[in-house]
1. Pop the C-beta distance of A:Arg86 and A:Thr117 into the FRET formula with R0 = 35 Å and round what comes out to the nearest 0.05.
2. In nm, to one decimal, how far is the modelled label at B:Met1 from the one at B:Ala273, with both set 7 Å along Cα→Cβ?
3. At a 1.4 Å probe radius, which order do A:Ile131, A:Ile195 fall into by accessible area, largest first?
4. Between helix B:136-149 and chain B, what is the angle of the helix's C-alpha long axis to the longest principal axis, kept within 0 to 90° and rounded to the nearest 10?
5. What ratio of Cα Rg to 2.2 N^0.38 Å holds for the protein assembly as shown?
6. Once you list every other residue whose beta carbon is under 11 Å from the beta carbon of A:Glu160, what net charge do they have if Lys and Arg are +1 and Asp and Glu are -1?
7. With the Cα gyration tensor of region A:98-193 giving a ≥ b ≥ c as the square roots of its eigenvalues, does the rule (a/c under 1.5 for rounded; else a/b larger than b/c for prolate; else oblate) give rounded, prolate or oblate?
8. Got a number for the accessible area of B:Phe3? Probe 1.4 Å, square angstrom, nearest 10.
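The values are calculated or read from the model by the stated rules, or taken from the named source; none is laboratory data. Owing to the predicted nature of the structure, the values given are computational and were not obtained by experimental measurement. Please note: Cβ atoms are built from the backbone with ideal geometry, for glycine as well, and neighbour counts cover all protein chains shown. The protein model used for the area step is the full one, side chains on, heavy atoms only, and it has no ligands, DNA or RNA in it. Shrake-Rupley method; radii C 1.70, N 1.55, O 1.52, S 1.80 Å.
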Amino acid sequence: MLKRFWPWFWFLVGAVYFLVPLYATFDFSLRARRGELSFAAYANVLNDIRFVESFWFSLQTALATIAISALVIVPTAYWVQLRLPRLRPVIEFFTLLPFVVPAVVLVFSLARTYSRTPLTDSREGLWVLLIGSYVILSFPYMYRAVDTGLRSINIHDLTEAAQSLGAGWFTILARVIFPNVYVALLSGAFITFAIVMGEFTIAALLAQPAFGPYMNRLASSRVYEPSALAIISFALTWAAIAAIQWIGQGSQARVAGPR
Amino acid sequence: MAFLEIVGVRKSFGATVAVENFDLTVERGEFVSFLGPSGCGKTTTLRMVAGFEKPTAGRIVIDSVDVTDMPPNRRNIGMVFQSYALFPNMTVADNIGFGLKIARRPANEIRARVEELLRIIHMPEFGRRYPYQLSGGQQQRVALARALAIQPKLLLLDEPLSALDAKIRASLRQEIREIQRQLGITTIYVTHDQEEAMALSDRIVVMSRGRIEQIGTPFEVYNFPATRFVASFVGTLNLIQATVVDAAIGLLTVEGQPVRVASSLQSHRSGDAVSLAIRPELITLDGQVHREVNRLSGTVEDVTFLGSIVRVQVRFAAHRLHFDLFNNPQLRPPQPGSSITVQFAPEACLVLGEEASPAQSLSASAARAA
Ligand SMILES: Nc1ncnc2c1ncn2[C@@H]1O[C@H](COP(=O)(O)OP(=O)(O)OP(=O)(O)O)[C@@H](O)[C@H]1O
Ligand SMILES: [Mg+2]
């Protein structure tokens, strides 16, 4: 009995730690009208055009970040594992840099470096810079996810098998490597998605109409709506997880099968 | 002109020399095995033929084209790996059709070819499965079909059966050989299993430490080993210490018992210590004499029942000798502890000096087979 007790105890402590604030936020968000429980705050948020716009903006930014990051990282991780295994520790060190360099430093250095180029004197340019920053932020998660994914398949033999069948590097990447790290890539993509959707510092400093700054502004000007927004973004996040799980399921079965 | 020529090939990785002085010509349609212990350079040589490694020196010519500097994806060579290396994201049919798709062949041609190959490997209804839904043996058959689909000039197999269990290994081995014959495809097969090499090959290349020890048919390699290494690596062999009594007439002594060999021993002098090698199947029980034979008496130490044969281990003072008897339910096998006399022809003896000695035939089995 006692053996069962402690695992359950810690599980419950953890659950309480996460669920109580969530419930409290939810409860609070329903009290926008005095004396009754209502979804008025939610209606206010969802009817706000800036919510829709900033959410849509961040969604596009996140998807662009994921696409670019995947296109850069999959070939890199593949090549490092295939031909430059000795460089792996170096690359792993690089992947830690976004944790070490604060976002403020990152964005100012980028702005400095690219000042007086088209990147800093137009709105589209700044958006590119924003995506560039996010690609850097996503690097640790994406690289590690892809690296692990690549380790779970025998890339050496698969590469040579494809080569002997006439495939060049582009074909190998597109037809063999990408499809097989797809699931791993999705897990990295999800974290990237979550980071980009909530990111504040870089978006604010580059004056971008992103979701993070919007949430921040709302938090300082309204009472109930920020809580409603928190619940909405929480739900959207879970929806995104579910979507990724669902998309990944078909290929998961194939890739994770016995080898 | 030979179909595949490997001329003076050498490969070193930094200070390690993996392959050296490798010369081989293979005829069209021939089945050649590379046989040798782990680390002797079999895979490295095969990978140079495939184009995955570049020789440090030497040339490789396939069908009159020097391919030494040609990248692997232009060589049109089918490769089968020990790990199967099927693409996990593709169905069996897509795996087999992969090479044709890359060659941009029309879809209906690919479909027909895939179906044909599925029939050849006896898996016609498996096209829609994924690799993880197949057994190891089935996966390797699909890998073979995938390699054959592109109608390669050469088929290379690197220990394709070593991940499979014994029974499937034997049947798939036969299947590979049949398909190879049927398609007449020139094949190089890497293995460290001498039985596999003998059962499959037209010729065997025996390798050791990056060098070729002998090239020959299974019959030649087994019966007329060129070096001490080949003699001991190919097949099982009894090696017993003997002393030369009279080199001119080929007389030796083993623990005081005389043994004659078929020819005189030019490279040895009386009193030299030599190793005497005898194949277990060339030793029989005493009593079936027709001509001059050697006899050795000792004690039965162990009897192992192996099904169709019974392997007997006999002890002579410090030496052990194995020999095989066919199983016969009417006869009681020798009992451990009993004394026994075995016999073998002088022609069955191979005398091995301290260093690699030139071939001296184990010609008794040649005579018997003839
Ligand atoms: N990429 C490499 N870098 C350094 N050394 C290598 C490399 N590939 C092979 N070698 C060395 O070359 C030698 C021959 O290796 P190879 O793989 O050809 O042996 P093999 O005969 O195929 O052995 P096995 O039966 O174990 O597969 C070995 O000593 C090995 O350590
Ligand atoms: Mg090998």
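1. Plugging the Cβ-Cβ distance into 1/(1 + (r/R0)^6) gives 0.50.
2. The modelled label-to-label distance comes out at 5.4 nm.
3. These residues rank, largest area first, as A:Ile195, A:Ile131.
4. With both axes taken from Cα atoms, the answer is about 60 degrees.
5. 1.40
6. -2
7. Prolate, since a/c reaches 1.5 and a/b exceeds b/c.
8. B:Phe3 has an accessible surface of roughly 10 Å² with all protein chains in place.
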